[in-house]
Amino acid sequence: MLGTYNEAYVFKYGGITDRYYNGNKELVAIEYDADLITGPEVTYYPATLKRSSIVLSGEVRRTQLQIQVPSDFKIAELFRYTTPSFVVTVDIRHIRLSGYPQRYSTQVFWTGRVVSVEWGIVGATLLCENFYASIGGNKGARFYSFSCPHVLYGPMCKLNSENFKVEGFFIGCEGKTWNIGFNTPIDNGYFNGGFISFFDDSIMGYNLIRVGKSYGVSPTTNDFPYEQIVNLIQPSYHTPQSMQQVFLFPGCDHTLEMCKNKFNNLINFGGFPWIPPKNPFGSTSAIYW
């Protein structure tokens, strides 16, 4: 049975809608709009989310909401390397059980957008501002820079991660340093900024972990002709079993050269590498590097 204060969170960005709530299994509910008109039945997925209190203030633009999420939360990952080029909105909804026959429904009571993300030792915090602050401020949704602001494999990048997945096998680890065996050669640094995935029995699903750097070493076992050292950005509380299958996905440094040569995705490159480094009026360029 859902408690009185259970809430649902709806995130929208780049034509994608993600729905979550604090629970332990999927929840199907009717989604009412702001005018209390019955909407469709949608599915909310379980997640560990906790928000700060909503404080009523005389200055609406100062009102900010914080949502604590796991470090690998999908929405937080959109802000991992840079602010995304699209707006990420968030609706917080109350969940209730009513009617006959009884059915779950949700109704929005707070709406805004995610402005940025703060990363902690454990987890991350989504910093959000309400809708009125979003439309009242002088803010642009597009950040111009030499490098590409799109999230790798995200909706603006348009790459399918499955097309770049590389099979490997877990050999062992020491802290954040993992040894992975391969049957084919891998270039040094190929997985820098990418991620590694493996089936985790403790959650009965795939665990996704960010990779910092990767480089080749001499094989420590005769089982695989090639081996790579993979340094994780954050330690993992769970590790694969010895010789368990893992999947690695290459990373991107968001430059024009890597977008073209590594991913052949130049048509979706979102940076502006030809911005003049010097302002024609005599000062340095005001564009983000």
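The values are calculated or read from the model by the stated rules, or taken from the named source; none is laboratory data. All of these numbers come straight from a predicted model, not from anything done at the bench. Note that we place each Cβ from the backbone using ideal geometry, even for glycine, and neighbour counts take in every protein chain shown.
Overview of values
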quantity: Matching option when the condition is touching a residue at least 12 places away in the same chain (Cβ under 8 Å) and crowded, with 16+ Cβ neighbours inside 10 Å, among Ile275, Ile196; calculated: Ile196
quantity: Residues satisfying the stated conditions in the stretch 189-207, i.e. at pLDDT 75 or above and among the hydrophobic types (A, V, I, L, M, F, W, C); calculated: Phe191, Phe195, Ile196, Phe198, Phe199
quantity: The stretch 120-137: number of residues that are modelled with pLDDT of 90 or more and farther than 13 Å from Val69 by Cβ; calculated: 0
quantity: Candidates Asp187, Asp201, Asp253, filtered to the one that is under 28 Å from Ser147 (Cα atoms), free of Cβ contacts under 8 Å to residues at least 60 places away in the same chain and out of contact with any Lys or Arg (no Cβ under 7 Å at 6 or more places or on another chain); calculated: Asp187
